[in-house]
Each structure stands twice: as C-alpha cells, then as structure tokens.
Amino acid sequence: MPREINSVAIVGGGFMGAGIAEVSAVAGMPVVVRDLPQFLDAARGRVEKSLAGAVKRGKIDQAKRDEVLGLITFTPDLKDVASADIVIRRSRRSSISRCR
Ligand SMILES: NC(=O)c1ccc[n+]([C@@H]2O[C@H](COP(=O)([O-])OP(=O)(O)OC[C@H]3O[C@@H](n4cnc5c(N)ncnc54)[C@H](O)[C@@H]3O)[C@@H](O)[C@H]2O)c1
C-alpha cells in the first residue's frame, strides 16, 4: 500500500544531498540535512547559491526562496533525522564517514 511522504531527511549535504534538500523543500516538505559540523555552512551555502540562481532566472521569487530555505534545517545531530518519513543517505563511503 502506498505511503505518503510528508517530510525528508538527508544524511550528507554535499552536491547530491543539497540538491535533494532543495527540490524537496520547493515541493513544500520540511527537510532535515545532517552533515558533519564543519561542513554544515557549506551545505547551506550550496542550497542558497542554487536558490539565488533560481531567483535570478525568474523560476521562483524572493518570497518562495525564503519559504524554501525556512523549510530546511541543517543539523550535526544524527538524532534529528529520526522523525522524517524517509531518510536518504548521500554521504560518501569514506573511512571518515564510516567511523562517525
Ligand atoms: N554526485 C553525483 O553525480 C553522484 C551520482 C550518483 C551517486 N552519487 C553518490 O552519492 C553520494 C554523495 O555524492 P556527492 O556528490 O553529493 O558527494 P559530496 O562529497 O559532494 O557530499 C558528501 C557529503 O557527505 C558529508 N558526510 C560525510 N560523512 C558524513 C556523515 N557521517 N554524516 C553526514 N554527512 C557526511 C560530507 O561532509 C559531504 O558534505 C556518494 O556516495 C556518491 O557516490 C553521486
């Protein structure tokens, strides 16, 4: 039986994770992005840069950009992904990833 997905969590806010976060939030879903503390600013920056491009190209307006960004929570805490309807892993399979 199909189940509705109303919230998304992504482990890894890199190229793929940030993109999935953006499209999910544009669709109106609350999103949690978990990354290592030192990479959280970069994750947010990826989404902000992409949204700025969308505003510039006239795909979305500034209000939508603010709404989308407001739906995304960036966190270092793995526990924060637990309540999402779906958790998507988009972190690299490196030794660093595996040991944390
Ligand atoms: N980029 C692509 O086109 C592509 C295509 C298919 C599959 N993939 C796969 O998707 C995954 C992500 O790819 P990407 O290009 O976004 O990589 P990326 O290097 O841009 O991003 C990986 C992110 O994971 C984070 N990370 C590492 N360990 C973590 C942990 N323990 N918890 C949370 N975050 C952690 C890193 O800080 C980084 O921000 C990889 O496994 C890759 O092989 C990528």
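Peptides 83-90, 44-51: what's the order by average Cβ count within 10 Å, highest mean first?
The most tightly packed comes first, giving 44-51, 83-90.
Which whole-Hz ³J(HN,Hα) couplings does the range 72-82 yield from phi under the Karplus relation 6.51 cos²θ - 1.76 cosθ + 1.60, θ = phi - 60°, glycine and proline marked x?
Values, residue by residue: 9, 9, 9, 9, x, 9, 4, 4, 5, 7, 5 Hz.
Once you charge only the Cβ atoms, +1 for Lys and Arg and -1 for Asp and Glu, what is the size of the charge dipole of the chain about its Cα centre, to the nearest 20 debye?
Roughly 500 debye, rounded to the nearest 20.
Going by amide H atoms built from the backbone, whose H comes under 5 Å of the H on PHE74, apart from near neighbours?
VAL33
When the helices in the chain are scored as -39500 (n - 2.57) per DSSP H run of 4 or longer and the sum is shared across all residues, what 222 nm value do you end up with, to the nearest 500 deg cm²/dmol?
-12500 deg cm²/dmol
How large are Rg and Dmax for the range 8-98 when only the alpha carbon atoms are used, in Å?
Here Rg and the maximum Cα pair distance are 12.8, 41 Å.
We did not get these values from a lab; they are worked out from the coordinates using the rules stated. Note that the structure is predicted; figures quoted are calculated from it, not measured. Note: ideal-geometry Cβ built from the backbone for every residue, glycine included; neighbour counts use all protein chains shown.
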